[in-house]
Amino acid sequence: MALSLPTYPQPDERGRYGRFGGRYVPETLIPALDELQQAYHTARTDPAFLNELDRLLRDFVGRPSSLYLAERLTEHAGGAKIYLKREDQNYTGAHKINNCLAQALLAKRMGKQRVIAETGAGQHGVASATAAALLGLDCVVYMGAEDIRRQALNVFRMKLLGAEVREVTSGTSTLKDATNEAIRDWVTNVRDTFYILGSVVGPHPYPAMVRDFQSIIGEEVKVQHQALEGREVPDVIVACVGGGSNAIGIFAPFAYLPEHERPLMIGTEAAGEGVESGRHAASVAGGRIGVLHGAMMYLLNDDEGQIVPPHSISAGLDYPGIGPEHCLYAETGVAQYVPVTDAQALDALQLLTRLEGIIPALESAHAIHAAVEIAGRMPPEQTVVVNLSGRGDKDVAEVMRLLDLAQTAPAQDAPGVIRPQEVHA
Amino acid sequence: MTATLTATTPGAARIHAAFARAHAEGRAAFIPFMTAGYPTAQAFAGVADELLEHADLLEVGIPYSDPLGDGPTIQRASEQALAGGTSTRGTLALVKALRARHATPIVIMTYVNPIYAVGPREFMRLAQDAGVDGLILPDLPPDQDLEIADLAAEHGLAVTFLIAPTSTPARVKLVAEACTGFLYAVSVTGVTGAREGSALAEVPAMLALAREHARVPVAVGFGVKDADTARQVAQVADGVVVGSAFINAARQGQSVGALAATIRAGCQK
Ligand SMILES: Cc1ncc(COP(=O)(O)O)c(C=O)c1O
């Protein structure tokens, strides 16, 4: 058998990562979560399930994605070698498909004909719609009105794939509200509906299950880094964090190594216009512990417990919380979480595009920014692996709009490179 | 009402007494719900006064930004109340003012995040000070956080947890045994909101199961919207909770008191 799913020491049997995680949901859903946990527990070691998942990841998604040495970016940074884990090579354009195919297969095993999903950037929605089309399932995707505007291309792709896209206008009309609506749908239709959750958030067992399905990213890095560098473990791993699924997918296979063998792991949070501006989505840097969407985590919420609307240039990072396992990593120092602003991400997007011919997703551009910064301070024999979680096709219209705005702003200091500060001038 | 009531807190005692009084009058207890600060912070007091004239128990909701157990009606009401400046502490102040005018028990419906944000101990202290009798916690299954129930008890408050048609017998037992105020049975798989037609088919079986374990009265809510649905529920339940219908009435400028009188009449056994 080619594929096996990893096991990790977290969470505990109650779905807690230290004090984080849990199941803060209406009682209606508890039996469904128990049922899901049981179904996942048997599926995760069932050769029939694993073989089918393996076949799809290989032949449908195109795994393994490569670990690519970005030579010109390395040269630009002037330090450690920068490798890109190319999740942007996946069919549908991002890491989200790894998890969606697995959950859709699970839905089918459980005899559920209808799947629902929430989406911010649209990548999880597209991946869910794709998996549903492939497996012949009905699919409804909840998406905030603001994100529908920002991600028109992905909305059309979902519809083309046969999914119904439901516009969400409550709250801030973004990912958190789409998630609320998906949960409400699930509460209502729980008997015949499977909720394909898109990140390592939500009630237990979702954070653990989504992590396990995304761990293939880090497991592949081990093998590839061994082949390229003669050792499994890179010195530094960087990944962007919205809910945290691409980051946990690349972190978790290294996170439970003994401390002296562990790489430095860095999650980049969307700092929007700056953490001090209040317009950001940096839950570790700018949040406090609270409960949202069924789990306890670092959360943007005010001193009365109302959720503070997040802001990010990238719809996929525009979430007020961060998965409970990341919260534990942050609290115990297993990983560090650093804020990266909209302007820095937009700059990094252009940098990678010009230097490597790879247009990254705006989400991934946050990680690129931090990787360049840190690689520059490291010796050349060391390595930095960046999770390039997705490609930028979905973002080009939004980026064009932002850069057009910048064109009309005053003089540029570097010909041909638009300074991001001006974008927000 | 089959339960033998052993009140653990003053709040629980008052809640049980309210159910007993209704029972003695041949009724299910009538439990209207209203979001604090709705339709406006000023108008809320008047609406609550009208409801309290007819209520055996009043349920007041703390407006919350992300109420995932609620349908559009209560969700919009929360958004409006928050936009109008109603806060968690503000809600408790509103309740304190109501308590000064009415003896009817008042229970607070709140998602857990406002409790954690204020701090569980501080929240309970404020609630006790406001004269709150109990808490309804729609996103807190009792096995998630045992501290909340303990702190509530320490401050004289009763707690109510919920069961749903999807609850397994083991879950019903666990939830029922954890309730000290009353047990809240959700009539449908779904969120709050008045529904077309009546969808109470699953209620009798659920209640039969609940009564095997509950030491407290059992109320039913979600989707009860008029005298007719209230009557159906009253045949099997100790109490009837009605929420969205009152918010709809308040929004449309209809008399909340008149609707409350009709529904209360429907609660006759
Ligand atoms: C390309 C890409 N990267 C990252 C994310 C953020 O999600 P997560 O933190 O779960 O990886 C998204 C979400 O839509 C995405 O589309």
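The values are calculated or read from the model by the stated rules, or taken from the named source; none is laboratory data. Since the model is a prediction, treat every value here as computed from it, not as a measurement. Cβ coordinates were reconstructed from backbone atoms using ideal geometry, including for glycine residues, and neighbour counts include every protein chain displayed. These accessible areas exclude ligands, DNA and RNA; they are computed on the full protein's heavy atoms, side chains included. Shrake-Rupley method; radii C 1.70, N 1.55, O 1.52, S 1.80 Å.
Across the stretch A:192-337, the relative contact order, built from alpha-carbon pairs under 8 Å that are at least six residues apart, equals 23 percent. The orientation-averaged projection of the convex hull spanning the C-alpha atoms of the stretch B:163-263 amounts to 6.3 square nanometres. Using a cut-off of under 16 Å, list every residue of the stretch A:111-139 whose amide N is near the label point 7 Å from the Cα of residue A:166 along the Cα-to-beta-carbon line. Flagged as within label range: A:113-120, A:125, A:129, A:138-139.
Can you list, bin by bin at 5 Å, the percent of alpha carbon pairs in the stretch A:95-252, starting at 0? Values per bin, smallest distances first: 2, 10, 18, 21, 19, 14, 7, 5, 3, 1, 0. Placing pseudo-labels 7 Å out from each Cα toward the beta carbon at residue A:227 and residue B:170 gives an inter-label distance of 4.5 nm.
With +1 on each Lys and Arg Cβ and -1 on each Asp and Glu Cβ, and nothing else charged, work out how big the dipole of chain B is about its Cα centre, in Debye to the nearest 20. Present the calculation step by step, with values, prior to reporting the outcome.
Working: 20 positive and 25 negative charges, 95 e Å.
Roughly 460 debye for chain B.
Structural descriptor for chain A: relative contact order 19 percent, calculated from alpha carbon pairs under 8 angstrom and at least 6 residues apart. Calculated mean residue ellipticity, 222 nm, chain B: -14500 deg cm²/dmol, from DSSP H runs (n ≥ 4) at -39500 (n - 2.57) each, averaged per residue and rounded to 500. If you sort the three axes of the alpha carbon gyration tensor as a ≥ b ≥ c, you get a/c of 1.5 or more for the stretch A:274-423 and a/b no higher than b/c, which makes it oblate. Annotation for residue A:264 and residue A:302: the two label points, set 7 Å from Cα along the Cα-Cβ direction, are 3.8 nm apart. Our helix-only sum for chain A, with -39,500 (n - 2.57) per DSSP H run of n ≥ 4 divided by its residues, gives a mean residue ellipticity at 222 nm of -12500 deg cm²/dmol. Subtracting the Cα-Cα distance of residue A:256 and residue A:331 from 0.36 nm times their residue separation leaves 25.5 nm of extension gain. Identify which of A:362, A:346, A:134 has the largest mean-square fluctuation in a Gaussian network model of chain A, with springs joining Cα atoms closer than 10 Å. Largest GNM mean-square fluctuation: A:134. Taken over the stretch A:348-396, the alpha-carbon convex hull comes to 65 cubic angstrom per residue. Among the lysines of the protein assembly as shown, pairs that are 8 or more positions apart or on different chains and have alpha carbons within less than 27 Å of each other number 20. Taking the Cα centre of the protein assembly as shown as reference, the dipole from Cβ charges on Lys and Arg (+1) and Asp and Glu (-1) amounts to some 1220 debye. Largest GNM mean-square fluctuation among B:86, B:166, B:180, using chain B with Cα springs under 10 Å: B:166.
Taking a ≥ b ≥ c as the square roots of the eigenvalues of the Cα gyration tensor of the stretch B:155-215, is the shape rounded (a/c under 1.5), prolate (a/b larger than b/c) or oblate? Taking the square roots of the gyration eigenvalues as a ≥ b ≥ c, the stretch B:155-215 is oblate.
Of the beta bridges in the protein assembly as shown, as assigned by DSSP with both residues counted there, near 20 percent are antiparallel.
Just tell me the longest site-free run in chain B, where the sites are GluC sites (Glu not before Pro) in a DSSP loop having at most 13 other beta-carbon atoms within 10 Å.
Within chain B, the longest run free of exposed GluC sites (Glu not before Pro) spans B:26-195.
Given R₀ = 45 Å, what would the calculated FRET efficiency be for residue B:96 paired with residue A:51, taking r from the Cβ atoms and rounding to 0.05?
Working: r = 63 Å, r/R0 = 1.40.
Computed FRET efficiency for residue B:96 and residue A:51 comes out at 0.10.
Net length available on complete extension from residue B:212 to residue B:8 is 71.5 nm, with 0.36 nm assigned per residue and the Cα-Cα distance removed.
Which stretch or stretches of the stretch B:214-229 have amide N atoms under 20 Å from the point lying 7 Å from residue B:25's Cα along the Cα→Cβ direction? Those under the cut-off are B:217-221, B:225-229.
Output the relative contact order of the stretch B:28-105, whole-number percent, from Cα pairs under 8 angstrom with separation of 6+ residues. The value is 40 percent. Converting phi to 3J(HN,Hα) with the Karplus coefficients 6.51, -1.76 and 1.60 and the offset θ = phi - 60°, the stretch B:139-149 yields 10, 10, x, x, 8, 7, 8, 7, 5, 4, 5 Hz in sequence order, with x at every glycine or proline. Of the chymotrypsin sites (Phe, Trp or Tyr not before Pro) found in the stretch B:163-269, not one falls in a DSSP loop while having at most 16 other beta-carbon atoms within 10 Å.
Between residue A:58 and residue B:251, the modelled label-to-label distance comes to 5.4 nm, taking each label 7 Å out from Cα in the direction of the beta carbon. For chain B, carbon and sulfur atoms together expose 55% of the accessible surface, with a 1.4 angstrom probe and every protein chain in place. Please build a GNM for chain B, connecting alpha carbons under 10 Å apart, and tell me which residue among B:205, B:250, B:36 fluctuates the most. Its mean-square fluctuation being the largest, the pick is B:205. Using every Cα-Cα pair within the protein assembly as shown, state what percent have a distance larger than 46 Å. Counting every Cα pair in the protein assembly as shown, those more than 46 Å apart make up 22 percent.
With the charge dipole of the protein assembly as shown set up from +1 on Lys and Arg Cβ and -1 on Asp and Glu Cβ about the Cα centre, the Cα lying farthest toward the positive end among the listed residues B:148, B:229, A:271 is that of B:229.
For residue A:341, the residues whose modelled amide H falls within less than 5 Å of its own, excluding neighbours fewer than 5 places apart on the same chain, are A:271.
For the stretch B:1-94, a/c is not less than 1.5, where a ≥ b ≥ c are the root eigenvalues of the C-alpha gyration tensor, and a/b tops b/c. That puts it in the prolate class.
Using just the alpha carbons, could you tell me how many Å³ per residue the convex hull of chain B encloses? Please list the in-between numbers first.
Details: hull volume 28.2 nm³, N = 269.
Expressed per residue, the convex hull around the Cα atoms of chain B is 105 Å³.
What area, in nm² and to one decimal, does the C-alpha convex hull of the stretch A:118-167 cast on average over all directions?
Its Cα hull, projected and averaged over all orientations, spans 2.6 nm².
Under 11 Å from the Cβ of residue A:335, count the other residues' Cβ atoms, weight Lys and Arg +1, Asp and Glu -1, and hand me the total. Before the final figure, lay out each step's value.
Working: positive: A:262; negative: A:325, A:331.
Net local charge, residue A:335 excluded: -1.
Using a probe radius of 1.4 Å on heavy atoms only, what accessible surface per residue do you get for the protein assembly as shown? Whole Å² is fine. Can you show the working numbers first?
Details: 23230 Å² over 694 residues.
On a per-residue basis, 33 Å².
Label zone of residue A:188 (point 7 Å out along Cα→Cβ, amide N under 20 Å): in the stretch B:187-222 this covers B:187-203, B:221-222.
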